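*Asks:* Got a structure for you, questions after.
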Amino acid sequence: MTVAEESLTEAFPDAVHGVSQDGIPYLLVRPDQLVETLRRLRDDLDYVRWLDVTAVDEPNVEPRFELQYLLYSMVDRRWVRIKTQTDDAVPTVTEVFPGADWYEREVFDLFGITFEGHPNLTRLMMPDDWEGHPLRRDYPIGGEQVDFTVTREVYGTGGGNELRG
């Protein structure tokens, strides 16, 4: 066990601990522990740099989504990943890391996961009237027609090159 893993185990004895395949230690916490866990990592263990939040969708697993938060300690030069699992909603972490704002909006837009208490949880990448969340595994593939050169004949679209002959 590395020094980083030992300090995480000591600070969070009730969390599930592990090491991801990329060598980054992780903590798996319940959604109601998420905000306080990130706050303690920032304030007590110097993980002050927010990097990312992303989601993993496994429709056949309960709960369906796993959110993964990535932090970095500039002092100790080490990473930590925080994981939590949900079917639909988790609390926002924007009070702890304001930079999480747009990342949470992206996850909401593409996966449909709600971040409770978020200051502006609106679509970020898809049009406001878009139906569904395109990175969910049950989202229909090919649901949106795309103007590729090879599909123009199939869909009867010219793509603007009709004048070239």
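*Asks:* Report whether or not residue 95 is open to solvent by 20 Å² or more (accessible area, probe 1.4 Å) and either among the hydrophobic types (A, V, I, L, M, F, W, C) or under 26 Å from residue 7 (Cβ atoms) (or both).
*Replies:* Against the criterion (open to solvent by 20 Å² or more (accessible area, probe 1.4 Å) and either among the hydrophobic types (A, V, I, L, M, F, W, C) or under 26 Å from residue 7 (Cβ atoms) (or both)), residue 95 qualifies.
*Asks:* Going by what's in this entry, would residue 80 be described as in contact (Cβ under 8 Å) with a residue 60 or more places away in the chain, touching a Pro at 6+ places or on another chain (Cβ under 8 Å), surrounded by 19 or more Cβ atoms within 10 Å (Cβ to Cβ) and not polar (S, T, N, Q)?
*Replies:* Considered against the rule, which asks whether it is in contact (Cβ under 8 Å) with a residue 60 or more places away in the chain, touching a Pro at 6+ places or on another chain (Cβ under 8 Å), surrounded by 19 or more Cβ atoms within 10 Å (Cβ to Cβ) and not polar (S, T, N, Q), residue 80 comes out as yes.
*Asks:* Which of the residues belonging to the range 17-44 are under 23 Å from residue 104 (Cβ atoms) and among the aliphatic types (A, V, I, L, M)?
*Replies:* 24, 27, 28, 29, 34, 35, 38, 41
*Asks:* Right, another one. Can you find a residue that is more than 18 Å from residue 99 (Cβ to Cβ) and of a type in the set (A, V, I, L, M, F, W, C) anywhere in the range 30-41?
*Replies:* no
*Asks:* Restricting attention to the range 39-58, does a residue exist that is among the charged types (D, E, K, R), over 25 Å from residue 121 (Cα atoms) and under 18 Å from the mean Cα position of the chain (by Cα)?
*Replies:* No, that holds for no residue.
*Asks:* Follow-up question, since we're still on this one. Go through the range 59-77 and give me each residue that's acidic (Asp, Glu), surrounded by 13 or more Cβ atoms within 10 Å (Cβ to Cβ) and at pLDDT 95 or above.
*Replies:* 66
*Asks:* Step by step: first the residues of the range 9-48, then only those that are under 10 Å from residue 82 (Cβ atoms) and part of a helix (DSSP H, G or I), then the one that is most open to solvent (accessible area, probe 1.4 Å). Which residue is that?
*Replies:* Result: 33.
*Asks:* Pairs under 9 Å by beta carbon, first residue on the phi > 0 side of the Ramachandran plot in the range 12-27, partner open to solvent by 80 Å² or more (accessible area, probe 1.4 Å) and of a type outside the set (D, E, K, R), six or more apart or different chains?
*Replies:* From the range 12-27, the pairs are 23/79.
The values are calculated or read from the model by the stated rules, or taken from the named source; none is laboratory data. All figures in this text were calculated on a predicted structure; none of them were measured in a lab. Every residue, glycine as well, gets a Cβ built from its backbone with ideal geometry; the counts of neighbours run over all protein chains shown. The accessibility values were calculated without ligands, DNA or RNA, using every heavy atom of the protein model including side chains. Shrake-Rupley method; radii C 1.70, N 1.55, O 1.52, S 1.80 Å.
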